[in-house]
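Everything on this sheet refers to the single structure shown next.
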Amino acid sequence: MKRTVALLAGLALAGALIAAAAAPAGAHTVRLVRWDVVKRSGHPPALVAGGSARATDPATGDTLTLTGTGQAEPRQKAAAGGGSFTHRHADGTSCCRGVYLVTGFVSFTQRPGSLAGTGILDAIGDREQATSGVLRVRVKLVHADGTVAEGTLTISGALPGAPAGSFEGVQLTVDGEHPFTQIRPGSHTLLHALR
């Protein structure tokens, strides 16, 4: 399980540098934020819930795949949600799998950016509420054999119009470990500022 926890130590699909950026004024004016790991589907393209994000351990070639959805209330410092994780060895054999649950709110920073003018449909919510930003939540990971680990999940959305240097994706860091560093293309996240 020690190697499994080390692999769970990170899922970096691009959000690693964002947390260090300064928060804009009014970052906590949003009352409710929904987040999703999404996939693109159809023509014209639509963002649909139920996607997956994947990172590779560059040392071993093992992969970690993450799904998820949830919401946060920044003013109340509350969050909920979760998803699943699967760890596979480089040869494709399954090492372990399980679920993760959101256990607490850490921070939310809203940033400029929208789907306006992109031709991309929002199959989750009101496209006017889609936003760029960075949401950080605490999570508990429960392996199928009952082993438990805790960590921090960062969900980063970067829609057109987001500041230079913004990234889209997720990062999962298990307490005391380092995140994956290899970026996997084709993973998407979507944030909605609901009210």
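Annotations for the structure displayed:
- Point-to-point label distance, Ser41-Asp126, nm (Cα→Cβ direction, 7 Å offset): 2.3
- The stretch between Asp145 and Arg31, if pulled fully straight at 0.36 nm per residue, gains 37.3 nm over its current Cα-Cα span.
- J(HN,Hα) series, the stretch 86-95, from Karplus relation 6.51 cos²θ - 1.76 cosθ + 1.60, nearest Hz, glycine and proline x: 9, 10, 10, 6, 4, 7, x, 6, 6, 8
- Peptides 107-115, 122-130 ordered by packing proxy, namely the average of other Cβ atoms within 10 Å per residue, highest first: 107-115, 122-130.
- Peptides ranked, highest mean first, by Cβ atoms within 10 Å: ranges 144-157, 33-46: 144-157, 33-46
- Structural descriptor for the stretch 105-172: relative contact order 33 percent, calculated from alpha carbon pairs under 8 angstrom and at least 6 residues apart.
Any read-out appearing in this document is the output of simple, stated calculations on the displayed coordinates, not a laboratory observation. Remember, predicted model here, so these are calculated numbers, not experimental data. Here Cβ is always computed from backbone atoms with ideal geometry, including for glycine, and neighbour counts include all displayed protein chains.
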